[in-house]
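A short worksheet on the structure shown next.
Quick note: the coordinates plus some simple rules give every number you see, no bench work behind them. Just so you know, these numbers come straight off a predicted model, no measurement behind them. Cβ placement follows ideal geometry from the backbone for every residue including glycine, while neighbour counts extend to all protein chains displayed.
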Amino acid sequence: MKRISVIYATKTNHSRKIANAIAEALGVSAQNIADKPSIEESDLMFIVGGIYGGESLSELNEYISGLRSVQVKTTALITSSVSNKKGQDTIRGILKNKSIPVIDEYRCFGSFLFIRLGHPSQAEIQKAVDFAVRLA
């Protein structure tokens, strides 16, 4: 059986909603990196985060920098952003330098102030869950 973990970083609570929905579907707990969770051994780690001003949160980048390939075998990214065009490129680069593969990335719309209110929608969250279940 695969050891699966779900971590997230959030400013707007979008990533929390997505991470919790994924974790519930997979029967695990979502861990907020703000709580500084210990890094557990995972065959597959879902990393949920948003794009703010074109970048992942620095706290998430820092947390990911602490991962080691002996702890985390593979990762999948779930990203929300207003444009839905930019992925978590910095996270992807950090993981590549640590020889931790990113097997796929799901992107959905997020909202900021009055732009794209209502996103991520329940349908987008469900698509993120379906993405995670398929990979798990």
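Could you give me the ³J(HN,Hα) list for region 49-56, computed from phi with Karplus coefficients 6.51, -1.76, 1.60 and θ = phi - 60°, whole Hz, x at Gly and Pro?
Those phi angles translate into x, x, 10, 10, x, x, 9, 5 Hz.
Quote to one decimal, in nm, the extra length available between R134 and D35 on full extension: 0.36 nm per residue of separation minus the C-alpha distance between them.
On the way: separation 99, 0.36 × 99 = 35.64 nm, distance 2.80 nm.
So the extension gain works out to 32.8 nm.
Is there a quick way to get the dipole size of the chain? I mean about its Cα centre, with the Cβ of Lys and Arg at +1 and of Asp and Glu at -1; what is the value in debye to the nearest 20? Don't skip to the end; give the middle numbers.
Details: 17 positive and 13 negative charges, 43 e Å.
The calculation lands at about 200 debye.
Give, as a single signed number, the net charge of other residues whose beta carbon lies under 13 Å from the beta carbon of N32, with Lys and Arg counted +1 and Asp and Glu -1.
Spelling it out: positives minus negatives among the neighbours equals +2.
Using Cα Rg over 2.2 N^0.38 Å as the read-out, say which of [x] 1.99; [y] 0.95; [z] 1.28 was calculated from these coordinates.
[y]
So what is the 222 nm mean residue ellipticity for the chain from helices alone, if each DSSP H run of at least 4 adds -39500 (n - 2.57) and you divide by all residues, rounding to the nearest 500 deg cm²/dmol? Walk me through the intermediate numbers first.
Details: 4 runs with 44 residues, N = 136.
Value at 222 nm, helices only, nearest 500: -10000 deg cm²/dmol.
Counting other Cβ atoms within 10 Å of each Cβ, which trypsin sites (Lys or Arg not before Pro) in region 19-98 have at most 14 and sit in a DSSP loop? Please list the in-between numbers first.
Details: sites: R68, K73, K85, K86, R92, K96, K98; in loops: R68, K85, K86, K98.
For trypsin sites (Lys or Arg not before Pro) across region 19-98 that sit outside H, G, I, E and B with at most 14 neighbouring Cβ atoms in 10 Å, the list reads R68, K85, K86.
Filter the GluC sites (Glu not before Pro) in region 12-89 to those in DSSP coil with at most 15 other Cβ atoms within 10 Å of their Cβ, and list the result. Don't skip to the end; give the middle numbers.
On the way: sites: E24, E40, E41, E55, E59, E62; in loops: E40, E41.
Answer by residue number: E40, E41.
Taking only C-alpha pairs under 8 Å that are 6+ residues apart, what is the relative contact order of region 1-93 in percent? Please list the in-between numbers first.
Details: 158 pairs, mean separation 29.5, N = 93.
In percent, rounded to a whole number, it is 32.
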